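**Q** This is the structure I want to talk about, given as C-alpha cells.
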Amino acid sequence: MVLLVTSDNEQFQTEKDIVERSVLIKNMLEDVGESDQPIPLPNVSSSVLKKVTQPSTGPTEIDVRGRYLSTASTTVESPSRPPILEQSQDETRKRTTDISEWDQKFITVDQEMLFEIILAANYLDIKSLLCRRWLQDGSQHDQGARPPEEIRKLFNIVNDFTPEEEAQIKKENEWAEDR
Amino acid sequence: MPDPSLHFDSAPTGTVTERLPFDILIDIIESLPKKDQFSLCYVSQGWSEVCLFVINRVVLLRSVREAKAFLLGVQTKPGRAVAIRSFAIAEYLYPRIESIKILLEDVIKLMIPHLQHLSVPSDLLGAFTLHHGTFPNLISYNCNPYTYSEPHPDVTFIGFLKRHPDLTNLCVRALGNASTSPTLLRVHLPNLQWFDGDAKFLPALTTQQLREARLTWSWGDDFEQPIVALRSMASPGMPFASINNGINYERERRYLVEALATHLPNLKTLHMRAAINVGWLEEDTLEYFTTQLPRFKRLRYFAIEDMLSYRSAFRSEHQIMHPVVVNWARVCPTLEACCIHQFCFKKNGGEWVFCTRKEFHDLTGGALWNKFK
C-alpha cells in the first residue's frame with residue numbers, strides 16, 4: 001500500500017498497482033524505494049483524489065474491445081477501479097461508445113469536478129485521462145462521431161459559426177476527412 | 001506540446017473547456033477518434049482552431065482541389081501553419097500542381113519554423129525556400145523526383161541540404177534516367193540514418209551512422225563509387241542495404257554483388273530487387289550467389305526479388321527452391337532467413353522451413369519493404 005497526502009492534508013492508503021498508473025507517482029516511488037513515507041500531492045485535493053483512486057461502484061471488467069462488461073450489481077463484492085486508472089491509452093483509443101452508469105454519473109453530474117479531475121490527471125500524468133472519453137462516452141452513436149450540436153449542449157458551447165464559415169471549414173478539411 | 005507562441009484567433013468556449021490549458025485540450029483531442037475530432041471542428045470557431053491544430057499535424061494532399069482548399073485556408077489563417085509537422089503531396093499530383101504552385105510556395109514558407117517531415121520535390125519549394133530557406137526542425141526530406149541539373153547534384157540543392165544538418169532521413173530520386181557524372185560537391189549530414197534514392201547521389205553525402213540504404217541504379221551508373229561511399233558511411237557494418245537494380249543485366253548485377261562483398265562484407269541484410277520481371281532465376285545465377293554469399297561474413301537475411309515477387313507461391317515450387325536455400329545456408333552459416341521472389345524460408349531449430357513473406361519481413365525487423373519514413 002502507498003500513502004498519499006493531498007493538498008488539503010488528507011491521507012489515503014492506496015494499492016500500489018493502482019497508483020502506479022500515474023507516471024508521476026510511479027517515478028516518485030522509484031526514487032524513494034521501499035519506504036513508508038507518504039507521497040505528497042500538493043496539486044490534488046482529497047475530493048479529486050477520491051475520484052481518481054478509490055474503488056467505485058462501477059464496472060469491473062473490460063472486454064477485448066474495451067467495453068465494460070459488468071453491471072453495478074456485480075461490483076458490490078468486487079469493487080472496481082475507476083476508469084481513469086483502468087485503461088491504457090491504446091485501450092482508450094479502441095473503446096466503443098458504450099457508457100457505464102458510473103461514467104454517466106461521473107461525467108454529467110459535476111462538470112466542475114470533471115475540470116478538477118482533468119487537471120489532476122494531467123498533473124499525475126495518467127495517460128488514460130477520463131476526459132478523453134467525454135466525447136465517446138455518454139453517446140449512443142455506435143459507429144459515428146458525436147454530432148457537434150450534442151457537444152455544444154453537453155459543454156454549454158455557443159455556435160458562433162455562420163453557415164458560410166461552417167461550409168468553409170468543411171472544404172478546408174476535405175483532404176483529411178474520410179481517411 | 002504546442003508551441004509556446006501558439007495563438008488561436010478565438011479560444012474554445014464552454015463551461016469546462018474554456019478553462020483548460022491548451023496543451024491539455026490538445027492532448028485530449030489527439031486521443032479522440034478522427035471522427036470526433038472533425039465533429040469538434042464544427043462546434044465553434046474556437047474549437048475549430050484547436051482541433052485543426054491536431055488534425056493538421058500530418059498533412060498529405062492527394063488532389064488539386066483538396067490541396068487548393070487546404071492551402072488557401074492556411075494562407076488565410078497563417079497561424080494554422082504552426083501545427084503542421086509533416087507535409088506531403090502525393091507524387092502523382094506533381095505534374096498537375098502548376099496552377100497552385102505559387103500558393104504552395106507561400107504556404108511552405110509559413111511552415112518553415114515547425115516542419116519536421118517534408119515530402120515535396122525541390123523544384124516545388126519555391127526559389128526563396130530552396131536558396132535561402134532553413135527549416136530548423138527538419139529531420140526528414142523526401143525529394144522525389146529530384147530534377148537534376150548540370151553539374152549534379154547542383155549547388156542549390158546541396159546548399160539546401162547543407163542548411164539542414166539534422167536530417168536523419170533523406171530520399172533523393174531522379175526523374176527518369178539522369179546521366180551520371182562525377183561531382184565535387186559534398187554535404188555532411190552527421191545524423192543521417194536512412195537514405196533512399198539514386199546510388200549516384202550517394203558520393204555527394206558524408207555521414208557516419210547510416211543504418212539503411214535503398215539504392216536505385218540506372219543504366220551507365222558507376223557501381224564502385226557509390227558502394228565505396230557507402231562503406232565510409234556505415235560503421236562497423238551497414239545493417240541494411242536494398243539494391244533496386246533498374247537495369248537487371250546479369251553482368252551489372254554481378255558487378256554490384258562483387259562491389260558489395262568487397263566493400264561491405266559485414267552487411268546484416270541484403271535485399272536485391274530488380275525493377276522488372278526477371279522470371280525464374282537461372283541455374284547459373286543461383287550458382288553465382290552460392291559462390292558470393294560466403295564473402296558476406298555477417299549476413300543474416302538475404303532477399304532476391306523482382307517486380308512480380310508478390311505472385312502466388314505454390315508449395316511444389318517452394319520445394320524446388322528449398323535445396324537452393326539449404327545450400328546457401330551451408331556456405332553462409334550466418335544466414336537465418338532467405339527470400340527468392342515469392343519463396344521465403346527461415347531457419348527453425350537447425351532446419352530450413354517455408355515461411356510467408358510477411359514472416360520474412362518481420363524477421364528483418366520490418367526493414368525490407370518499408371517506404372520512406
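**Q** For segment B:48-66, name all the residues that are at the interface with chain A (Cβ under 7 Å from one of its Cβ atoms) and either under 19 Å from residue A:161 (Cβ atoms) or part of a helix (DSSP H, G or I) (or both).
**A** B:48, B:55, B:66
**Q** Restricting to segment B:37-47, count the residues that are within 7 Å of chain A (Cβ to nearest Cβ), surrounded by fewer than 23 Cβ atoms within 10 Å (Cβ to Cβ) and modelled with pLDDT under 90.
**A** Within segment B:37-47, residues that are within 7 Å of chain A (Cβ to nearest Cβ), surrounded by fewer than 23 Cβ atoms within 10 Å (Cβ to Cβ) and modelled with pLDDT under 90 number 2.
Residues checked against (1) over 26 Å from residue B:119 (Cα atoms); (2) facing chain A (nearest Cβ under 7 Å); (3) touching a residue at least 12 places away in the same chain (Cβ under 8 Å):
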residue: B:19; (1), (2), (3): yes, yes, no
residue: B:23; (1), (2), (3): yes, no, yes
residue: B:32; (1), (2), (3): yes, yes, no
residue: B:68; (1), (2), (3): no, no, yes
residue: B:74; (1), (2), (3): no, no, yes
residue: B:77; (1), (2), (3): no, no, yes
residue: B:82; (1), (2), (3): no, no, yes
residue: B:90; (1), (2), (3): no, no, yes
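**Q** Only one residue in B:147, B:206, B:129, B:134 is closer than 26 Å to residue B:58 by Cα, surrounded by fewer than 19 Cβ atoms within 10 Å (Cβ to Cβ) and at pLDDT below 95, so which one is that?
**A** Exactly one of B:147, B:206, B:129, B:134 is closer than 26 Å to residue B:58 by Cα, surrounded by fewer than 19 Cβ atoms within 10 Å (Cβ to Cβ) and at pLDDT below 95, namely B:147.
**Q** If you check B:140, B:122, B:86, which single one turns out to be surrounded by 18 or more Cβ atoms within 10 Å (Cβ to Cβ) and within 18 Å of residue B:168 (Cβ to Cβ)? Before you say what the answer is, go through the steps one by one.
**A** Values: B:122 fails: within 18 Å of residue B:168 (Cβ to Cβ); B:86 fails: surrounded by 18 or more Cβ atoms within 10 Å (Cβ to Cβ).
Only one candidate qualifies: B:140.
**Q** Please give the number of the condition residue B:32 fails out of (1) modelled with pLDDT under 90; (2) surrounded by fewer than 22 Cβ atoms within 10 Å (Cβ to Cβ).
**A** (2)
**Q** Further question: If residue B:95 passes every condition in (1) at pLDDT below 95; (2) touching a helix residue (DSSP H, G or I) at 6+ places or on another chain (Cβ under 7 Å); (3) assigned to a helix (DSSP H, G or I) but one, which one does it miss?
**A** Unmet condition: (2).
**Q** Let me ask something else about it. Taking segment A:121-179 only, how many residues are within 8 Å of chain B (Cβ to nearest Cβ), part of a helix (DSSP H, G or I) and at pLDDT 65 or above?
**A** Looking only at segment A:121-179, we keep the residues that are within 8 Å of chain B (Cβ to nearest Cβ), and these are A:122, A:129, A:131-132, A:134-136, A:144-148, A:151-152, A:155-161, A:165-166, A:168-177, A:179.
Checking the rest, the ones that are also part of a helix (DSSP H, G or I) come to A:122, A:131-132, A:148, A:151-152, A:155, A:165-166, A:168-173.
Checking the rest, the ones that are also at pLDDT 65 or above come to A:122, A:148, A:151-152, A:155, A:165-166, A:168-173.
Counting residues in segment A:121-179 that are within 8 Å of chain B (Cβ to nearest Cβ), part of a helix (DSSP H, G or I) and at pLDDT 65 or above gives 13.
The values are calculated or read from the model by the stated rules, or taken from the named source; none is laboratory data. These numbers were taken from a predicted model, which means no experiment stands behind them. Methodologically, a virtual Cβ is constructed for each residue, glycine included, from the backbone with ideal geometry; neighbour enumeration extends over all protein chains shown.
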